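Reviewing the structure listed below.
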Amino acid sequence: MKNRIKVLRAMHDLTQDALAQQLGVTRQTILAIEKGKYDPSLDLAFKIARYFNVSIEEVFAYAETP
Amino acid sequence: MSELTYISDPMKQNTFYILAGIIGLLEVGVFWISVRFLIPYLITIVFIVGVLLLYLAWRKIADRQVDERSVLINQKAGMATFMVFWVIFFATSLGGAVIGLGAPPLPHFPRPPDERPGGINESIKPFGDGPGIPNESIRPPDDGLIRLGHFGYLQLALLFVMFFLYVGFRIYYARKYGEWENDEEQD
């Protein structure tokens, strides 16, 4: 799954640590999501979208695996 | 006057590790006492109490960082360990069953204490060259119990295998879910 968290973070001038604290997860989790190593739960995905005040489709895009 | 810290107070993660180390050392000491005085129930009960204490202390960690990703890693590592472990456990149990089924069908009657070979009594002597324990206070177990005790070695070995399997799988899944990825914010 592709995501734009890094872009949204940069737009809001947020560090991974600050975003992680706001969402109640560890910094490694934000890092892993940004790198595409970990797909967040639906709950966390909605939290991220709501935090940036955008729709979930603007944060995450489903990419077909080859 | 410095304030005392109780186990019921919130504690830091490092304090928990220190407490775990202390409990571990105490368990080793109790194990030694159990062996010396041949009281198997002592270490059994103390071990369970120690684990319960650690669990209560673990719940009091204030800076514990658990989120959905770490839970997923723990679940995956636990399930993978279980899948491999039951194969190993089943295989060794089959080996044990072969020994059991191959034993003579006649019932085993333990010999009276005065006819036991010297080797059995040797096994209950305390460690080192210290004074012996009066034989009246300790009844040495019969052959069957000693063999059952040796089975404990196999069980402990299997538990160690399980532990190392879990650590290995934990590292594998942590890497898979980006535990040690390069991070520009740390540069």
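The values are calculated or read from the model by the stated rules, or taken from the named source; none is laboratory data. From a predicted model like this one, the values you see are computed outputs, not experimental measurements. Note that we place each Cβ from the backbone using ideal geometry, even for glycine, and neighbour counts take in every protein chain shown.
Quick one: is residue B:56 under 30 Å from residue A:22 (Cβ atoms), at pLDDT 90 or above, of a type outside the set (D, E, K, R) and in a helix (DSSP H, G or I)? Here the answer is no, as residue B:56 does not meet what is asked. Under the condition of being within 10 Å of chain B (Cβ to nearest Cβ) and among the small types (Gly, Ala, Ser), the residues counted in segment A:23-51 number 4.
Counting only residues that are more than 18 Å from residue B:177 (Cα to Cα) and outside any loop (DSSP other than H, G, I, E, B), segment A:44-66 holds 12 of them.
Scanning segment A:8-22 for residues that are of a type in the set (A, V, I, L, M), buried (at least 17 other Cβ atoms within 10 Å of the Cβ) and under 15 Å from residue A:54 (Cβ atoms), we see that the one that is farthest from the other protein chains (Cβ to nearest Cβ) is A:8.
Residues of segment A:26-36 being over 14 Å from residue A:9 (Cβ atoms) and crowded, with 17+ Cβ neighbours inside 10 Å, which ones? So that I can check it myself, show each step before the final result.
Narrowing segment A:26-36 to residues over 14 Å from residue A:9 (Cβ atoms): A:26, A:28, A:32, A:36.
Once the filter is applied, which keeps residues that are over 14 Å from residue A:9 (Cβ atoms) and crowded, with 17+ Cβ neighbours inside 10 Å, segment A:26-36 yields A:26, A:28, A:32.
Evaluated against (1) over 25 Å from the mean Cα position of the chain (by Cα); (2) within 14 Å of another protein chain (Cβ to nearest Cβ); (3) modelled with pLDDT of 75 or more, residue B:101 falls short on exactly one condition, (2).
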